[in-house]
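Engineer: Submitted below is the structure of interest, expressed as structure tokens.
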Amino acid sequence: MTDTEEKTERDAKAEAEPDSIPLSELRSELDGEPTESSTRDDDTPLSGLRDTVRQQNEDTETDVSGAFIEEDVEPIDSAGVWADLLMDADAGEGQFTAESGADSTQVISKRICERCEFLADPPALQCTHEGTTIHELVDVGHVRVSACPMVGPEGETKRSE
């Protein structure tokens with residue numbers, strides 16, 4: 001018997017016996033047709049769990065329209081809110097108080113700090129030089145510092161002598 005004859009014989013058997021078709025039960029379940037395994041009582045492990053889960057899923061597919069209540073609210077006067085925020089005399093410019101002192105801060109290139117011997121190891125962004133402080137990362141390429149020995153008063157880099 002050749003391969004083609006075997007395939008034809010196998011196809012004829014499959015047409016005669018639809019249960020022998022691979023995944024036929026799955027196809028029947030997807031089509032909504034009851035299968036032999038779904039109609040019989042299973043004594044297989046966890047079959048009761050499967051039935052319980054199916055029942056819970058059917059129970060949860062109820063109408064949830066009553067779960068939310070629509071209420072009427074007053075419209076917000078956005079201009080008034082902004083006016084309150086901008087004109088509030090008690091509000092400071094931030095949550096931190098300004099430090100008093102003669103130290104002036106400078107915004108410098110982040111590359112200066114990255115090449116400096118006093119920069120602490122990551123993840124900390126701080127200077128180990130006494131009296132020097134890195135205040136903030138202004139943007140991706142710049143930091144605000146005070147009393148940096150590597151930067152002159154106008155912000156240019158001091159050169160080693």
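Engineer: Quick check on my filter: what residues within segment 101-153 are without any contact (Cβ under 8 Å) to a residue 40 or more places away in the chain and small (Gly, Ala, Ser)?
Structural biologist: Gly101, Ala102, Ser109, Ala120, Ala124, Gly131, Gly141, Gly152
Engineer: Another one. Among what's in segment 76-111 and is at pLDDT below 60 and small (Gly, Ala, Ser), pick the residue that is farthest from Gly141 (Cα to Cα).
Structural biologist: Ala89
Engineer: Then there is this: Six or more apart or on different chains, Cβ under 9 Å: which pairs go from a residue in segment 32-61 that's loosely packed, with under 10 Cβ neighbours inside 10 Å to one that's modelled with pLDDT under 70? Could you list them?
Structural biologist: Partner pairs satisfying both residue conditions: none exist.
The values are calculated or read from the model by the stated rules, or taken from the named source; none is laboratory data. Computed from a prediction, not measured in an experiment: that's the story for all the values here. Using ideal geometry, Cβ is built from the backbone for each residue, glycine included, and neighbour counts are taken over all protein chains shown.
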